[in-house]
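Worksheet: one structure, shown below.
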């Protein structure tokens, strides 16, 4: 990977954060109709395990690569991305706890309520994941983190664009 582990890893938890609310909603509806056993919720649990593990791996790999870009990227932008990633991780952990509860034998009241708590939390996790991704995208495209990571000398305030060194074509 040549040290570019972070950009490779980050897409797994983001994709799973998009899948989780859809899967939870589907299972909640089917469960509400009495068409599921608690073991069907293992699919949601697996998604949340992978989402949480992927979030942790993305956070750790980002921390490991931070020094490579911090000379060119404003500290506030790095801090914003890191804080967003930590919230995303903790939201994923909370979702993992609720997903674990769903595979346990629950009384009818909890069986009706917990899936919708998990759905709401999954939507919050998705929003936090998108916020984290947006902050990461700003590091790459606005603050030139990828160019700094590659060791290119980027003049302050100059965008890196494939056509930036060429004159406009007719």
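Expressed as a whole number of Å, what is the distance separating the alpha-carbon centroids of the stretch 78-150 and the stretch 20-48?
Each part reduced to its Cα centre gives a spacing of 19 Å.
How high is the relative contact order of the stretch 1-56, in percent, with contacts defined as C-alpha pairs under 8 Å that are six or more residues apart? Before the final figure, lay out each step's value.
Numbers: 26 pairs, mean separation 30.1, N = 56.
Once normalised by length, the contact order is 54 percent.
I'd like the FRET efficiency for residue 66 and residue 39, computed as 1/(1 + (r/R0)^6) with the beta carbon distance as r and R0 of 30 Å, rounded to 0.05. Don't skip to the answer; put the middle values down first.
Numbers: r = 41 Å, r/R0 = 1.38.
The computed FRET efficiency comes out at 0.15.
Can you sort 122, 91 from fewest to most other Cβ atoms within 10 Å of each residue's own Cβ? Please report the intermediate quantities before stating the final value.
Details: 122 28, 91 22.
With the fewest neighbours first, 122, 91 line up as 91, 122.
Per 0.36 nm of contour for each residue apart, how much would the distance between residue 46 and residue 30 grow if the chain were fully extended, relative to their Cα-Cα spacing? Could the numbers behind the result be given before it?
Values: separation 16, 0.36 × 16 = 5.76 nm, distance 1.83 nm.
Full-extension gain reported as 3.9 nm.
Extension gain residue 112-residue 97, at 0.36 nm per residue separation less the Cα-Cα distance, in nm?
Details: separation 15, 0.36 × 15 = 5.40 nm, distance 1.67 nm.
Working it through step by step, the gained length comes to 3.7 nm.
Contour minus end-to-end for residue 142 and residue 18, with contour as 0.36 nm per residue of separation and end-to-end as the Cα-Cα distance?
Working: separation 124, 0.36 × 124 = 44.64 nm, distance 2.49 nm.
Here the segment from residue 142 to residue 18 would lengthen by 42.2 nm.
Read the figures in this text as sums done on the coordinates, not as results from a lab. Being a predicted model, the structure only gives us computed values, none of them experimental. Positions of Cβ are generated from backbone atoms using ideal geometry, with glycine treated the same way; all protein chains shown enter the neighbour counts.
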